[in-house]
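Worksheet for the structure shown next.
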């Protein structure tokens, strides 16, 4: 969401707010339609099969997030610099030709639309998987909407990319949560019974946190030892 | 045809990401859990054992490629 805000801000500043907000609105509508269309369909799938598929997807997705967050935290990958991304998007947007379609600047509209749609697909994925596996897609969608309002509100208040948000720490936390629920649900979907039933989630969570912190520590030490003195 | 390939590439990148070995090994681990459970062996421990291994291999691969 932070990345989407950066793109919308760059589109708005460089190409005008009308086209940027039209792109934001159109992408939000497409994402809402996706949740509304796929959500009810998923409630008809048997819970064990759903947890197997959802758990596997969450686990793969969570491991992608966790790998990037661990590489960033250990210094092997550069941290996201929202300020630099904003400056780059702004320069590109200012340099593009002006083409007007349907009363809006087409470049500003498509830049904002694509940015929000691509970043929002991850949110839709999380809403649908968590919501369907727990039997409450509206609650998961409400949580995502609250996060969207919070990010947009802060963006409007500061009128700048959210460079001070501890983005890697947030992504680390999301990666840990996705991996934890991924392990739990995919094992249940495969027919396993966890000792302690649902309380085992806390144990899996602690295990994933410890594993991730250990990997950051090991890789950070390895990287520092590799640097010539 | 070009748009269809781009659509497929987008979803491959979205779900699979940079390292196809991760979903492949996750599928093997889930399959092994299901097989053990079907044979009557409690296998809740298998995924917590497999995940650190998969993640570590993927991290090493990412570091080697940088």
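Only the coordinates and a few stated rules stand behind these numbers; no lab work does. Small disclaimer: the values here were computed from a predicted structure and weren't measured. Every residue, glycine among them, receives a Cβ derived from its backbone with ideal geometry; neighbour counts consider all protein chains shown.
Please give the calculated 222 nm ellipticity per residue for the protein assembly as shown, where each DSSP H segment of at least 4 residues contributes -39500 (n - 2.57) and the sum is spread over every residue; nearest 500 deg cm²/dmol?
After summing the helix terms and dividing by residue count, I get -27500 deg cm²/dmol.
If you take the beta carbon distance between residue B:38 and residue A:142 as r and set R0 to 45 Å, what does 1/(1 + (r/R0)^6) give as a FRET efficiency, to the nearest 0.05?
Once rounded, the FRET efficiency stands at 0.70.
By how many degrees, between 0 and 90 and to the nearest 10, does the Cα long axis of helix A:137-158 differ from the longest principal axis of chain A?
40
Taking R0 as 41 Å, what FRET efficiency do you get between residue A:207 and residue A:157 from their Cβ-Cβ distance, rounded to the nearest 0.05?
The formula returns an efficiency of 0.60 here.
Among rounded, prolate and oblate, which fits chain B when a ≥ b ≥ c are the square roots of the eigenvalues of its C-alpha gyration tensor, a/c under 1.5 means rounded, and a/b larger than b/c means prolate?
Cα axes put chain B in the oblate bin.
Pairing the Cα long axis of helix A:106-134 with the longest principal axis of chain A, what angle in degrees results, from 0 to 90 and rounded to the nearest 10?
20
For residue A:38 and residue A:98, calculate 0.36 nm times their separation in residues minus their Cα-Cα distance, and state this gained length in nm to one decimal.
Result for the pair: 17.9 nm of gain on full extension.
Using label points projected 7 Å from each Cα along Cα→Cβ, tell me how many nm separate residue B:45 and residue A:134, to one decimal.
For the pair residue B:45/residue A:134, the computed spacing is 3.0 nm.
At a 10 Å Cβ-Cβ cut-off, how would you order A:80, A:44, A:98, fewest neighbours first?
Sorted ascending by nearby Cβ count, the order is A:44, A:98, A:80.
Once the Cα atoms of helix A:167-189 and of chain A are each reduced to a long axis, what angle between those two axes, in degrees from 0 to 90 to the nearest 10, is obtained?
Helix A:167-189 and the main axis of chain A meet at about 40 degrees.
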